[in-house]
1. Quick one: is His231 surrounded by fewer than 17 Cβ atoms within 10 Å (Cβ to Cβ) and either within 21 Å of Thr109 (Cβ to Cβ) or in contact with a strand residue (DSSP E or B) (Cβ under 8 Å, 6 or more places away or on another chain) (or both)?
2. Which residue pairs have Cβ atoms under 6 Å apart, sit 6 or more places apart or on different chains, and have a first residue in segment 219-242 that is free of Cβ contacts under 8 Å to residues at least 12 places away in the same chain and a second that is surrounded by fewer than 17 Cβ atoms within 10 Å (Cβ to Cβ)?
3. From the set of residues in segment 26-65 that are within 15 Å of Met112 (Cβ to Cβ) and hydroxyl-bearing (Ser, Thr, Tyr), which is nearest to the chain's Cα centre (by Cα)?
4. Is at least one residue of segment 4-11 in a loop (DSSP other than H, G, I, E, B), under 15 Å from Lys154 (Cβ atoms) and in contact (Cβ under 8 Å) with a residue 60 or more places away in the chain?
5. Would you mind stating whether Asp44 is modelled with pLDDT under 95, among the acidic types (Asp, Glu) and surrounded by 15 or more Cβ atoms within 10 Å (Cβ to Cβ)?
6. Of all residues in segment 5-23, which are farther than 17 Å from Val184 by Cβ and surrounded by fewer than 22 Cβ atoms within 10 Å (Cβ to Cβ)?
7. For segment 67-122, give me each residue that is more than 22 Å from Gln49 (Cβ to Cβ), surrounded by 14 or more Cβ atoms within 10 Å (Cβ to Cβ) and of a type in the set (Gly, Ala, Ser).
8. Could you go through segment 147-158 and let me know if any residue there is closer than 15 Å to Lys8 by Cβ and either in a helix (DSSP H, G or I) or over 17 Å from the mean Cα position of the chain (by Cα) (or both).
Amino acid sequence: MPSYSVAKTIISILAGQLIAEGKLKESDKLVDFYPELKTGTSFDSITVQQLLDMQSGIDVPDNYPTGPSGWGSPIAQMYATTDMNYFLRGHRKMIFEPGSKGDYRSVDTQYMGMIIRKITGKDIATLAHDRIWEPIGAEYLATWSLDKKGGIEKAFCCFNAAARDYAKLGLLIKNQGKAGSIQVIPTAWMKRLSTPVENLDNWGYSAFMWHPYPNVDMMLGLHEQIVYTDHKSGTIIVKLSDNLKDDEMKLLRYLKLFLINESTVINNQRI
């Protein structure tokens, strides 16, 4: 099943691993890796930290269209493009100075994914499989949608997996980045993920992770797909369906149907 922006947290985990290995720094600039993208504007000063915390200021807002007339919006074009590099080259204008505020922009994650590709020389799907999917003991293969056959991943979205394996991803977060004896998410990065640094839409945010309540880490997709980890109670909730918008309490009641506890995942019992 698709999860839309749940994919962003996977990108963050990969970034945190590279930072722990000394291959990446949050102070690094985007154009350090892609000098051909320089514009001579404040775009050239965007850092890895600003991408991770949605502080870039790149003028590709996440204002999704409501009908055919809206499909000319930049975010719709980014979803639909069959040449991501061409799209990014054509959308380097700035709407605010990098680091001056936070504003949710999927283009930040796309750039972060491209930085990871550049550092490692590997595609994102392979990295996610080797560095996350295998260590957590995922039961099924996952996929990552590309801009075209043989192209690059749409890193800001478009990761597709089984619900049980999304739950194992939540279990990884609950266990402070450990899968068995393996520290998949470096300890320092686990703290970074779980410490809000921005307030977006009245929720805490940090390094592609949402914090709607204290002691909660949540991966969130466009249509309210979630991997929700409550550290205090040890609860993990996975929801992959679209959500009705008319009543928040309806959502909360619905989520209870998808409650998955640790023993259910470990014992491989059917839900």
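The values are calculated or read from the model by the stated rules, or taken from the named source; none is laboratory data. Keep in mind the model is a prediction, meaning the values are calculated, not measured. Cβ placement follows ideal geometry from the backbone for every residue including glycine, while neighbour counts extend to all protein chains displayed.
1. yes
2. Hits for this filter: zero, empty list.
3. Ser56
4. Yes: segment 4-11 contains one or more residues that are in a loop (DSSP other than H, G, I, E, B), under 15 Å from Lys154 (Cβ atoms) and in contact (Cβ under 8 Å) with a residue 60 or more places away in the chain.
5. Answer is no for this residue.
6. The answer is Gly22, and nothing else.
7. Listed by number, the residues that qualify are Ser73, Ala76.
8. No, every residue in segment 147-158 fails to be closer than 15 Å to Lys8 by Cβ and either in a helix (DSSP H, G or I) or over 17 Å from the mean Cα position of the chain (by Cα) (or both).
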